[in-house]
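Since the structure comes first, as structure tokens, the remarks are kept for the end.
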Amino acid sequence: FHSIHHDLWDADPPAPPALFDIPREGGAIPALGVTTKSGYLYILNRETGEPIHGVEEREVAASDVPGEAAYPTQPIPVKPPPMGRVRYEASDLVTAEDTTAEHAAACAALVDSLGEIYNAGPFTPWVYRPAGSAPRTTLNFPGGVGGPNWGGVSFDPATGYAFVFSMDVGALGWMVDAAEEDAPSPYETQTPRPAIFAVKLHGVRNPCKKPQRGQLYSYDVATGDIAWRQTLGVTDTLPAGKRNTGRPGRAAAIATASGLLFIAATDDNRFRALDASTGRELWADRLEQRGNADPMTYLGAEGRQYVVIAATDTIVAYALP
């Protein structure tokens, strides 16, 4: 199965697939779920590679880089629906009502500096800026960090739900003529700093799109529908009432037999437990550092169950009293 043709975006599958069975009358379909950083979950028959809920080759925008031939179509699932936005419109830019006047003004200034912003939906190619031309910038959603990233998919056989954490983070860039005559390619990528659609204020990188920016998705693998989704992550530097924005992250949840999900992932340094059936947050703790890894659980020698998370250079363990 080919999840992307002629990848211009670094939209590879960043994590191994999860294996599960989908009940059907008279038996079960041996299946797998695999994500790509383009924001899609592909549910396939793991023996044949056949999509369970359909995949369509949909037309996408052509490249204007001389000599580049972007693939004319990309394989997009009929179901499940994408995680977060896969296109950008001017109305998606944050305003002071969403955040603060300072943040909104900084994002507006960033947009003004980019010139014409180009987004043609999923798999928008990087625009070409010939020397001396007016500035143009591709803004892709999601960018090369996702969408989902290295955390991948977890699965709860009791509910039949697959869980994926995904961030709504856009990527900025354009193509220019290579500076060196003997460069391996006649063109090279240029980006602003940072290359993501965000500004840094008071030590925190704040995305410039409206919330939500980090969500945990629950998919019913039998139907391909979203069972629930839960915003994960708070922006502590925002005023009260505006902090529930969701935050970026690259990790995943683990699903336990007790019907709980445990997840860190987000850059607000929280570690959370959620109800696997509904997504309701049941508990949270603040780590000293970001838990940008998948948790694990195990039974100690005394039979006590632990949940552990790697938070930068420390391992933090939790257990019931």
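What follows is calculated from the coordinates using simple rules that are stated; it is not laboratory data. Being a predicted model, the structure only gives us computed values, none of them experimental. Cβ atoms come from the backbone with ideal geometry, glycine included; neighbour counts cover every protein chain shown.
Values as computed for the structure displayed
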{"read-out": "Protection-proxy order for peptides 23-33, 216-226, each taking the mean of Cβ atoms within 10 Å per residue, highest first", "value": "216-226, 23-33"}
{"read-out": "All aspartates and glutamates inside 15 Å of K242 as judged from Cα atoms, apart from same-chain residues fewer than 8 positions distant", "value": "E97, D98, E102, D268"}
{"read-out": "Surface/4 of the Cα convex hull for the chain, nm²", "value": "19.7"}
{"read-out": "Rounded tilt (10° steps) of 101-113 against the dominant C-alpha axis of the chain", "value": "50"}
{"read-out": "Peptide ranges 284-291, 117-124 listed from the most packed, as the mean C-beta count within 10 angstrom indicates", "value": "117-124, 284-291"}
{"read-out": "Reachable lysines from K37, criterion Cα separation under 27 angstrom, eight or more residues apart if same chain", "value": "K79, K200, K209, K210"}
{"read-out": "The range 18-318 - percent relative contact order, Cα under 8 Å, separation 6 or more", "value": "13"}
{"read-out": "Model label zone, Y71; criterion: amide N under 13 Å from point 7 Å along Cα-to-beta-carbon; scope the range 122-141", "value": "123"}
{"read-out": "Helix-only mean residue ellipticity at 222 nm for the chain, each DSSP H run of n ≥ 4 adding -39500 (n - 2.57), per residue, nearest 500", "value": "-1500 deg cm²/dmol"}
{"read-out": "Convex hull volume of the range 54-207 per residue (C-alpha atoms, cubic angstrom)", "value": "167"}
{"read-out": "Estimated inter-spin distance, D12 and A62, nm [label 7 Å along Cα→Cβ]", "value": "3.0"}
